[in-house]
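The values are calculated or read from the model by the stated rules, or taken from the named source; none is laboratory data. Small disclaimer: the values here were computed from a predicted structure and weren't measured. Every residue, glycine as well, gets a Cβ built from its backbone with ideal geometry; the counts of neighbours run over all protein chains shown. SASA here: full protein model, heavy atoms, side chains in, ligands and nucleic acids out. Shrake-Rupley method; radii C 1.70, N 1.55, O 1.52, S 1.80 Å.
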Amino acid sequence: MKSLLGNSIKELENVALDYGQAAFRGRQIYNWIYNYRNKKKNIDQIEVLPLDFRKKLKKDGFKVSELTFQQKNLAKDGTMKLLLSTGDGEKIECVGIPTEKRLTACLSSQVGCPMDCKFCATGKEGLRRSLKASEILDQILFLENEMNRKVTNIVFMGMGEPLLNIDELLLSIRSINEDFQISQRKITVSTVAVPKMINKLAEKSFQILGNCQFTLAISLHASNQKTRETIIPSAKNYKIKNIIQDSKQFVRDTGRRVSFEYLMLSGVNDKLKHADELSNLLRGFQCHVNLIHYNQIDEVEFKRSSLENLQLFQSRLSHNGIAVSLRKSRGIDKNAACGQLRQNAKNQ
Ligand code: SF4
């Protein structure tokens, strides 16, 4: 199967030329798949193309979109979670998080995930495979069509570890930026951190995108190595001090500050001594801490911190001179935690 999605305007012009069509036919495909108002999900809907051209594209295995709709859940706050099926029958999820001015798409980069984080539903199932750039982008089309709004911000915080699919990740970021017209500064790549890959991300971004303007968010979730290993078993291969060193290098290479995600888990990492330890780790470094109120899931032992602990922790970090904000959970009433919808579908 050949996907039209993910191709640049030049590449689509070349597709048209390959079929003996004028280059503007490629530009028509481009406008019909990326322009929000016209966005089409199959070749037959691009009626502006001559019928025989459409037939030839389909006969040769071209598609606009490879994913199919399976299920949606809409939370009271407007957060929408979609379960989608890939061409080979795998299931992936994406989430649309609306506010008055923004629609943030939380995208998956892999089917399943090999990182086995203990707080995460996706991690329980292991990795099935990585997604192609076109499958990553298709999630945006689905969210825009289902929510009838243009996506304005992207976070790679769905299923999978994006840095284990770095080439397709960066190809999708190229298209999000140039074709979907979403600024790189409105894109966040979230990772639990894989050895050597933070530096590689900066290096490859410069090669593929010409720059590196998106935000890197590192899921730290602990203030010391021992605690981190109990939450994220894969952390034993990558010491916290090395993550911080590599993050500092990322800041030097790109000029972008790094965000550290910190899931507040009751009795595990949410005491004031942890806030002090975290402050010592991050002091004097161009970074930001995002505290996250955990979306509890049934199958794991962790519990969410109380709001009181969360606020005390936040105040202590601020008092210690660390830039910190609190990320509220959205859509908690409808399986919004990563991997939950897919798991529920499998259990039905
Ligand atoms: S939290 Fe992210 S990296 Fe960790 S297992 Fe879940 S999907 Fe993978």
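Miscellaneous remarks
- Crossing angle, helix 23-34 versus the chain [Cα axis fit, 0-90 degrees, rounded to tens]: 40 degrees
- When L312, L201 are compared by accessible area at a 1.4 angstrom probe, the order from most to least is L312, L201.
- The sum of -39500 (n - 2.57) across all DSSP H runs of n ≥ 4, divided by the residue count of the chain, sets its helix-only mean residue ellipticity at 222 nm to -11000 deg cm²/dmol.
- Centre separation in Å (Cα based) which lies between region 1-35 and region 185-239: 34 Å
- Candidate aspartates and glutamates - alpha carbon under 14 Å from K55, same-chain residues fewer than 8 apart omitted: D44, E47
- Assuming charge only on the beta carbon of Lys and Arg (+1) and of Asp and Glu (-1), the dipole of the chain about its Cα centre is about 420 debye to the nearest 20.
- Restricting region 222-265 to trypsin sites (Lys or Arg not before Pro) that sit in a DSSP loop and have at most 14 other Cβ atoms within 10 Å of their own Cβ leaves K239.
- Each semi-axis of the equivalent ellipsoid for region 201-288 is √(5λ) with λ an eigenvalue of the Cα gyration tensor; in descending order they amount to 26, 14, 11 Å.
- Normalising the Debye intensity of region 136-287 to I(0), with uniform scatterers on Cα atoms only, and taking log10 at q = 0.15, 0.16 Å⁻¹ returns -0.81, -0.90.
- Each of D138, D116 has its accessible area taken with a 1.4 Å probe; listed largest first, they run D116, D138.
- Under a 5 Å amide H cut-off, with hydrogens placed 1.01 Å from N, D270 pairs with L265 among residues at least 5 apart or on other chains.
- Accessible-area composition of region 89-198, carbon plus sulfur, in percent [1.4 Å probe]: 48 percent
- Heavy-atom accessible area order for L84, L209, largest first, 1.4 Å probe: L209, L84
- Region 12-123, accessible area per residue, ligands and nucleic acids excluded (1.4 Å, Å²): 45 Å²
- D (Stokes-Einstein, µm²/s), Kirkwood Cα radius, the chain, 1.002 mPa s at 20 °C: 102 µm²/s
- Full extension of the segment from K150 to F285, taken as 0.36 nm per residue of separation minus the current Cα-Cα distance, would add 45.1 nm.
- Modelled spin labels at N14 and Q181, positioned 7 Å past Cα toward Cβ, are 2.5 nm from each other.
- For region 310-320, the Karplus equation 6.51 cos²θ - 1.76 cosθ + 1.60, evaluated at θ = phi - 60°, returns couplings of 4, 5, 5, 4, 4, 4, 5, 4, 4, 4, 7 Hz by residue, with Gly and Pro reported as x.
- With 31 Å as the limit on Cα-Cα distance, the pairs of K40/K200; K59/K204; K124/K241; K72/K118; K118/K196; K236/K271 that go past it are K40/K200; K59/K204.
- Cross-link pairs K186/K239; K76/K101; K63/K101 - those with Cα-Cα distance over 22 Å: K186/K239; K63/K101
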